[in-house]
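Participant: Let me begin by handing over the structure; questions about it come next.
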Amino acid sequence: MADFYPAVDTSAVESTEGITVDDYNAILTAAQADPAFAEEVGGAINAVVQPDN
């Protein structure tokens with residue numbers, strides 16, 4: 001599961017309004033423990049990274 005989420009330069013998280021590094025790490029930890037949540041998180045990430053045209 002850890003391979004699903006790439007390592008992130010924490011400066012990217014720190015410069016994003018509305019999320020802290022601790023929040024980001026907590027989300028990833030929860031996703032690693034819960035496959036259904038991991039799918040939900042993955043979908044949300046994909047929507048942001050590769051939005052529909």
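Any read-out appearing in this document is the output of simple, stated calculations on the displayed coordinates, not a laboratory observation. As the structure is a computational prediction, the values presented were derived from the model and not from experiment. Backbone-built Cβ (ideal geometry, glycine too); neighbour counts: all protein chains shown.
Participant: Dipole of region 2-49, Cα-centred, from +1 at each Lys and Arg C-beta and -1 at each Asp and Glu C-beta, to the nearest 20 debye?
Facilitator: Working: 0 positive and 9 negative charges, 16 e Å.
Computed charge dipole of region 2-49: roughly 80 debye.
Participant: Once you have the alpha carbon radius of gyration of region 2-49, what is it after dividing by 2.2 N^0.38 Å, with N set to its residue count?
Facilitator: After normalising by residue count via 2.2 N^0.38 Å, the value is 1.11.
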